[in-house]
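The next block holds one structure in the form of structure tokens; read it before the comments.
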Amino acid sequence: MDSTPSGSSATRSARVFLLPMFLLLIPSLVLSDAVQFCDAGYGYGDFACQNSPVSLPRILLRGGTVVNAHHMEMADVYIQDGIIVAVKPNIVVDDDVTVIDATGKFVMPGGIDPHAHLAMDFMGTQTIDDFFSGQAAALAGGTTMHMDFVLPINGNLSAGFEAYKEKAKISCMDYGFHMAVTKWDDEVSHDMEVMVKENGINSFKFFLAYKGSFMVSDELFLEGLKKCKSLGALAMVHAENGDAIVEGQKRMIELGITGPEGHPLSRPPVLEGEATARAIRLAGFVNTPLYVVHVMSSDAMEEIAKARKSGQKVIGEVVSAGLALDDTKVWDPDFITAAKFVMSPPVRAPGHDKALQGALSTGILQLVATDHCTFNSTQKAFGIDDFRKIPNGVNGLEERMHVVWDTMVESGKISVTDFVRVTSTECAKIFNIYPKKGAILAGSDADVIILDPKASVKITAATHHSRSDTNVYDGRTGKGKILVTIAGGRIVWQNGELKVTPGTGKYIKMQPFGYAFEGIDRKDAEYLKSLGAPVKRSRALS
Ligand SMILES: *[C@@H]1O[C@H](CO)[C@@H](O)[C@H](O)[C@H]1NC(C)=O
Ligand SMILES: *[C@@H]1O[C@H](CO)[C@@H](O)[C@H](O)[C@H]1NC(C)=O
Ligand SMILES: [Zn+2]
């Protein structure tokens with residue numbers, strides 16, 4: 001069976017040929033969404049097309065070490081109807097239950113990636129991975145849920161939400177949405193309320209970079225922070241100084257630096273540090289929690305460390321590229337080799353990666369994302385004469401779990417329970433979906449992986465499941481192999497084979513006032529008390 005989402009042209013023509021025969025054999029009543037998607041050319045081998053909705057299997061994971069963020073134990077895990085029913089030693093089941101031997105392996109909650117961009121329109125093109133291929137890649141790498149960023153259409157949040165609902169219909173794993181805010185008026189303010197109260201969104205992102213497209217002013221950012229606070233929604237920030245970046249880009253072009261190395265040179269760590277500091281101070285001024293996405297430099301990380309030490313509620317997200325890569329390849333004489341590493345904020349000079357690993361291990365940064373935003377080499381070549389036109393973004397959905405295992409656990413920096421916390425549980429807690437997600441407990445969703453700590457992994461662009469022809473981790477080997485992925489109670493990855501069906505992923509609604517909001521009201525009360533104002537004064541002048 002062909003298990004690459006892109007599919008070879010041979011399997012694609014086989015599918016076109018098989019489909020009419022298949023339609024003759026099956027009464028139209030059972031024609032599922034999956035068949036419509038196959039019709040639209042989305043098939044995943046013929047498996048997806050023939051696999052109309054069936055009852056979910058009963059599964060027993062036997063003899064493994066079950067790892068949660070809070071605890072690790074030897075236990076069996078029994079799954080039925082997409083839910084974890086029991087977690088305890090020596091579970092006895094009927095003969096018709098699918099038993100998977102997990103002896104000597106870790107049984108863990110599936111990864112949750114808080115930050116990826118699938119089917120995103122950006123820089124004159126669209127990311128090469130859509131909700132199907134990106135999620136298929138994620139599942140092959142042990143991630144069972146991701147959160148995407150709804151982009152408004154001409155500033156219109158409702159229109160953006162409708163568009164993303166359509167894009168996500170082909171999902172093969174569960175997903176949630178954040179939403180970007182790019183302009184401010186009464187309709188935007190009203191729509192934010194609708195998103196939180198009716199549409200299951202509990203976080204909004206503000207870009208301090210991308211001048212002329214997504215970038216917001218401090219004035220808009222303050223309005224947004226106030227609105228987020230009143231709704232109990234988490235404010236997220238892309239922290240780079242967009243005005244200074246335009247200046248930096250001009251400087252590089254004037255110096256005749258038009259290649260990919262101009263990208264990191266035009267937006268150095270100091271601009272990330274400045275914007276991070278500014279965002280933190282403004283969120284502190286409003287007294288609302290702040291989530292800083294993709295912390296890429298020690299400059300930004302130090303600002304978060306300082307704020308957290310002072311007691312401010314700031315959450316720091318690191319991405320797998322920030323932990324495991326540096327910018328040396330951006331100076332490669334081969335354009336595509338260099339351009340595939342172009343992302344924003346940029347991967348930094350050697351040393352920042354180690355600093356971010358340390359920050360993750362000591363709790364200064366809390367969770368790991370990917371910012372998966374893939375463009376193939378044809379798309380990257382849009383910027384062959386001008387680095388400003390290279391679509392920004394790298395892969396990571398399939399690689400994240402393994403990269404975190406190898407750089408953090410295998411190297412002795414974090415424990416196995418911490419691995420679960422930073423790849424899954426913390427995300428579920430921050431976005432208020434724990435313990436439905438992020439835990440192996442009776443009653444949790446059956447999103448479970450089996451990881452072999454001893455088996456090696458080799459990442460290559462030729463064998464990955466993304467539609468891109470390049471991979472920033474190409475050739476990398478390390479420990480921590482995902483043997484099995486179970487998503488929503490379905491075994492979707494086993495023996496190196498993917499079995500996924502478009503339309504099986506569910507939209508996960510998220511409630512406002514997550515744990516980051518606890519205590520905000522008491523801090524407000526303390527602030528008001530501290531003012532010692534207004535002072536009562538007699539109007540009579542003596
Ligand atoms: C925003 O989009 C929604 C949904 O498509 C639409 O009903 C509304 O009229 C739009 N608002 C504006 C100002 O165009
Ligand atoms: C990149 O994707 C585009 C659009 O799907 C396609 O036309 C092009 O051939 C791809 N390039 C490579 C090198 O795969
Ligand atoms: Zn992003």
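The values are calculated or read from the model by the stated rules, or taken from the named source; none is laboratory data. Everything numeric here is computed off the predicted structure, so don't read it as measured data. Heads up, the Cβs are rebuilt from the backbone with ideal geometry, glycines too, and the neighbour counts pull from every protein chain shown.
Structural remarks
- Figure legend. Inter-residue proximity from the range 519-542: first residues modelled with pLDDT of 95 or more, second residues assigned to a loop (DSSP other than H, G, I, E, B) and among the hydroxyl-bearing types (Ser, Thr, Tyr), beta-carbon distance below 8 Å, spacing 6+ or different chains. Indicated pairs: 520/288.
- Leading residue by the ranking (farthest from ligand 3 (Cβ to nearest atom)) among those in the range 232-258 that are surrounded by fewer than 22 Cβ atoms within 10 Å (Cβ to Cβ) and in a loop (DSSP other than H, G, I, E, B): 256
- Selection count where residues are farther than 20 Å from residue 232 by Cα and of a type outside the set (Asp, Glu), scope the range 407-435: 17
- Residues of the range 109-163 that are within 16 Å of ligand 2 (Cβ to nearest atom) and in a strand (DSSP E or B): 121, 122, 125, 126.
- For beta carbons closer than 6 Å, sequence separation of 6+ or different chains, a first residue in the range 338-349 that is within 9 Å of residue 297 (Cβ to Cβ) and a second that is part of a loop (DSSP other than H, G, I, E, B), the qualifying pairs are 345/240; 345/296; 348/296; 348/297.
- The lone exception for residue 212 - which of (1) touching a residue at least 40 places away in the same chain (Cβ under 8 Å); (2) assigned to a loop (DSSP other than H, G, I, E, B) it fails: (1)
- On inspection, residue 125 qualifies as touching a helix residue (DSSP H, G or I) at 6+ places or on another chain (Cβ under 6 Å), surrounded by fewer than 22 Cβ atoms within 10 Å (Cβ to Cβ), polar (S, T, N, Q) and under 27 Å from residue 398 (Cβ atoms).
- Subset of the range 129-161 [of a type outside the set (Gly, Ala, Ser) and farther than 27 Å from residue 447 by Cα]: 151, 152, 153, 154, 156, 157
- Of all residues in the range 353-382 being part of a helix (DSSP H, G or I) and either touching an Asp or Glu at 6+ places or on another chain (Cβ under 7 Å) or aromatic (Phe, Trp, Tyr) (or both), the one that is nearest to ligand 1 (Cβ to nearest atom): 382
- Each residue in the range 339-373 was checked for being among the polar types (S, T, N, Q) and over 19 Å from residue 409 (Cβ atoms), and 1 of them qualify.
- So residue 451, is it in contact (Cβ under 8 Å) with a residue 12 or more places away in the chain, in a strand (DSSP E or B) and within 23 Å of residue 79 (Cα to Cα): yes
- Residue count for the range 362-379, restricted to those that are farther than 18 Å from residue 292 by Cβ and away from ligand 3 (no atom under 16 Å from the Cβ): 4
- With respect to the conditions (1) over 21 Å from the mean Cα position of the chain (by Cα); (2) surrounded by fewer than 20 Cβ atoms within 10 Å (Cβ to Cβ), residue 457 falls short on a single one, namely (2).
- Residue under evaluation residue 288, criteria (1) in contact with a Cys (Cβ under 9 Å, 6 or more places away or on another chain); (2) within 16 Å of ligand 3 (Cβ to nearest atom), criterion not met: (2)
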